[in-house]
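To keep things clear, I will list the structure first and then write my remarks on it.
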Amino acid sequence: MNSDSHRHSHIDDCRIIDINTFEHANGRLTVMENLATSPINIKRVYYLYDLPAGAERGGHSHIVTREFVIPLAGSFDVVVDDGRRTKRVSLNNPSRGLLLPAGIWRTLDNFSSGSICLVLASEKYDESDYVREYEDFKQLTAEKR
Ligand code: TYD
């Protein structure tokens, strides 16, 4: 398994990014257009919704895929882990997203009722890009310099 991303991943690279937003008396409009205003080259879009109380999602890292996570509705937390340190990031504003580089273990929890989590991904779905066992993740990140 190519572990380069896990050797170099760092929670400080999990950045909150403001998305271009137009304020209007009749509501707000937020837009990402190609690479100019999107932090990743989007190949896939998916969203989590109908999340029951106490739901926990994620629980994996990716070898190559980078993701940009946006709280389209409601709020939730993303706990990011680079194998050395963890931090909890709360998302509750649809005009601000969290960029997740490859090689970061992520867990999503604390979903508010009716919340919707939009995820923009840099790669198509590929199960072989997942690290799903935390022990494997720890081994890959143990090689960090
Ligand atoms: P998974 O990535 O484990 O979900 P989460 O991280 O949100 O808990 O995916 C759940 C299921 O959905 C799993 O069977 C794989 C499938 N899936 C796809 O087929 N395509 C996709 O783009 C994603 C994200 C998941």
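The values are calculated or read from the model by the stated rules, or taken from the named source; none is laboratory data. Quick caveat: nothing in here was measured; it's all calculated off a predicted structure. As a convention, Cβ positions derive from the backbone with ideal geometry for all residues, glycine included, and neighbour counts pool all protein chains shown.
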Does the stretch 78-86 include one or more residues that are more than 15 Å from the chain's Cα centre (by Cα), surrounded by fewer than 20 Cβ atoms within 10 Å (Cβ to Cβ) and either basic (Lys, Arg) or at pLDDT below 95 (or both)? yes
Look through Leu91, Leu29 and report the one residue that is in contact with a strand residue (DSSP E or B) (Cβ under 9 Å, 6 or more places away or on another chain) and closer than 29 Å to Asp4 by Cβ. Leu91
Long-range neighbours under 6 Å by Cβ, at least six apart or interchain, first residue within 26 Å of Arg132 (Cβ to Cβ) within the stretch 6-32, second exposed (fewer than 15 other Cβ atoms within 10 Å of the Cβ) and of a type in the set (Asp, Glu): Arg7/Glu143
Any residue in the stretch 45-63 that is under 18 Å from Ala121 (Cα atoms), within 16 Å of the ligand (Cβ to nearest atom), modelled with pLDDT of 95 or more and over 13 Å from the mean Cα position of the chain (by Cα)? yes
Please work out if Gly103 is more than 12 Å from the ligand (Cβ to nearest atom), closer than 17 Å to Asp12 by Cβ and either among the polar types (S, T, N, Q) or in a loop (DSSP other than H, G, I, E, B) (or both). yes
For the stretch 104-144, which positions are surrounded by 12 or more Cβ atoms within 10 Å (Cβ to Cβ) and of a type in the set (Gly, Ala, Ser)? Ser112, Ser115, Ala121, Ser122, Ala142
